[in-house]
Structures are given as structure tokens and as C-alpha cells.
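Taking it in order: structure first as C-alpha cells, then the write-up.
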Amino acid sequence: MVFIKKIKVASFLFLITNCVFGQMTGINTQKPEADLHVKGDMILTETPVLSTQAHVLGVNDKGNIGILPVVPAKLMFIQSSKLQTYTDVGSINKFNAGDEFIVAWDLSEIVTNNIVAFNGNPSNLDTQYFEFKEGGMYEISGFINYSPNITNKYATERYAGVNVAIQYYENGKWENLAAARSLFSIDYADLSQTINVAPAIKQFAKGDRLRMIFKRPASDFGMSHEKNFGIHKPTGTAFTKGFKIIAYK
């Protein structure tokens with residue numbers, strides 16, 4: 001008799017347990033809309049490192065949590081295989097006097113972009129720039145393949161130089177964010193070499209602008225660059241220049 005009563009009690013408890021766990025549970029809400037509906041913050045401490053098979057969780061605009069099919073990257077990457085060289089006397093003189101030359105791009109050369117607008121008027125390089133669609137912390141880097149194209153191997157000077165810079169627009173003028181300088185020995189000054197601008201990180205606001213430039217360090221710095229100087233494509237390479245912006249949110 002006692003044994004039968006224990007079975008009935010166990011069955012009743014099992015039924016109650018199933019009913020409780022079958023209902024939706026709400027924390028800080030009287031109307032839960034999921035098995036567990038939390039209205040408010042959540043803190044996890046001392047969380048373990050998961051295996052490489054772990055998935056990334058995301059939250060949609062309704063607050064639903066689920067596994068993301070991909071991790072959405074905030075990135076702008078552009079690369080080109082086009083040359084940007086100069087043969088006219090006017091451009092040669094301006095460059096050797098120390099003028100800045102803007103690295104030019106075409107809209108079709110953008111590989112991926114979800115963070116900036118591109119102003120790429122092909123008829124006026126002075127208006128070429130990238131404009132941030134939203135504020136945040138960004139990492140910027142880039143490269144060009146450059147040659148001063150100096151063929152005079154008997155000049156008194158034994159080297160030529162070029163600066164490459166990534167610039168941002170502030171207070172009505174362009175300022176250097178990151179830059180690199182490359183020197184060309186007279187023996188190889190007609191060949192191209194890759195000039196990398198190392199990554200720089202900076203906080204930008206919506207509407208801030210970026211561009212890349214190259215220039216002679218000074219009008220009296222090393223040898224003068226000659227006809228057909230500029231951005232070339234070295235033998236065996238696919239691209240002449242590249243520019244990358246990564247968002248850190």
C-alpha cells in the first residue's frame with residue numbers, strides 16, 4: 001500500500017515538473033515570448049574558452065538570440081592593376097618641386113566595402129577620397145609599387161627618394177596619418193619596388209575623409225625623378241596599389 005502511494009506521488013511530481021518546464025519563463029517580464037525571455041542585462045563571469053567548433057551568437061532587432069551564419073566584417077578594401085605614371089613635362093616639374101600626387105582609384109576596383117563612400121571623380125583627382133559613413137575606431141593601411149624611373153647612372157647623387165602617406169582631412173587641410181619613405185639606389189632607380197604604409201589606428205567621425213598620396217620628400221632630396229615616374233606594376237605581380245580600412249566597433 002505504501003509502495004503504491006510512493007508511485008502516485010512520484011508520478012504527480014513528474015507531471016508538475018513537466019508542466020513547469022513546458023511553460024515559458026520570463027525574467028523581469030510578465031509576458032515571456034520564448035522558453036526563456038530575459039528583459040534586462042546579463043553578466044557572465046569566468047567563461048571557459050570554447051573549442052574551435054564554437055559558433056558566434058548574434059542578436060537581431062527583436063532581441064532574438066541565434067547562431068550567425070557568418071561574422072559580419074566591417075571592411076573596405078580596394079586594389080588596382082592599373083599604372084599611374086607621368087610623362088608630361090608639367091607633371092614631372094611639379095613632382096620634382098615637391099607637389100603631392102594623389103593615388104587614383106576607380107569605383108570598379110573596390111573589392112569589398114560597407115563602411116565608406118567613395119568620391120572618385122576620374123576627371124579631377126583632387127576630389128578623390130573615401131568618406132566614413134559612421135564614426136568609430138578604424139585601422140588604415142596601404143601600399144604602392146613605385147619607380148622614379150631614373151636612367152642616368154652617372155649622376156652625382158646616388159639615390160632618389162619618395163614618400164607615401166595616408167592622409168585625413170581636418171580643419172580645412174590634409175594631415176598625414178601614417179607614412180613611409182623609400183630610397184632607390186642609382187643602380188636600381190629605374191625599377192619598381194613595393195612601399196608599404198604600416199597600419200595606423202585612429203578614431204574617426206561620420207563624414208571624415210581619407211586618401212593616399214605620394215611625393216618627393218623635398219625639391220633637393222636626392223635625384224630628380226624622370227619621365228614615366230610613378231606607380232608601376234613589377235614583373236610577376238598582379239597589382240600596382242592597394243588600400244584597406246578595417247573597423248573596430
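Laboratory data are not the source of any read-out in this text; all were calculated from the coordinates shown. Here the structure is a predicted model, which means the values were calculated and not measured. Quick reminder, even Gly has a Cβ in these numbers, built from the backbone with ideal geometry, and neighbours come from all protein chains shown.
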*Where q = 0.29, 0.30, 0.31 Å⁻¹, what log10 of I(q)/I(0) comes from the Debye formula for the stretch 58-115, counting one point per Cα?*
-1.16, -1.20, -1.23
_If you fit an axis through the alpha-carbon atoms of helix 2-22 and take the longest principal axis of the Cα set of the chain, what angle between them do you get, 0 to 90°, nearest 10?_
30
*Quick one: what are the phi-derived ³J(HN,Hα) couplings along the stretch 192-204, Karplus 6.51/-1.76/1.60 with θ = phi - 60°, whole Hz, x for glycine and proline?*
8, 9, 7, 10, 9, 9, 4, x, 10, 10, 8, 7, 10
*Size of the dipole of the chain about the Cα centre, Lys and Arg at +1 and Asp and Glu at -1 on the beta carbon, nothing else charged, in debye to 20?*
920
*Could you give P(r) for the stretch 119-248, binned at 5 Å from zero, as whole percent values over all Cα-Cα pairs?*
2, 10, 18, 19, 18, 14, 9, 6, 3, 1, 0
*For percent of Cα pairs over 31 Å apart, the choices are [x] 48; [y] 39; [z] 42; which was calculated from the structure?*
[x]
*Which of the listed residues, Ala73, Pro199, Tyr169, is farthest toward the dipole's positive end in the chain, when Lys, Arg count +1 and Asp, Glu count -1 at the beta-carbon?*
Ala73
*Sequence-distant or interchain residues sharing an amide H contact under 5 Å with Val116, placed H: which?*
Lys133
*With an 8 Å cut-off on Cα pairs and a minimum separation of 6 or more residues, tell me the relative contact order of the chain in percent.*
25
_For the chain, set up a GNM with springs between Cα atoms under 10 Å and report which of Leu191, Leu68, Leu50 has the largest fluctuation._
Leu50
*Using the number of other C-beta atoms within 10 angstrom as an exposure proxy, rank Met42, Met212, Met24 with the fewest first.*
Met42, Met24, Met212
*Write down the percent of antiparallel bridges among all DSSP beta bridges whose residues are both part of the chain, to the nearest 5.*
95
*Surrounding net charge for Ser182, when Lys and Arg each add one and Asp and Glu each subtract one, Cβ distance under 13 Å*: +3
_Cβ-based net charge around Gly120, under 10 Å, with every Lys or Arg adding one and every Asp or Glu removing one_ = -2
*What's the Kirkwood radius of the stretch 79-142 in Å, using all Cα pairs?*
14.0
*Using just the helices of the chain, give the 222 nm mean residue ellipticity in deg cm²/dmol: DSSP H runs with n ≥ 4 each add -39,500 (n - 2.57), and the total is spread over all residues, rounded to 500.*
-4000 deg cm²/dmol
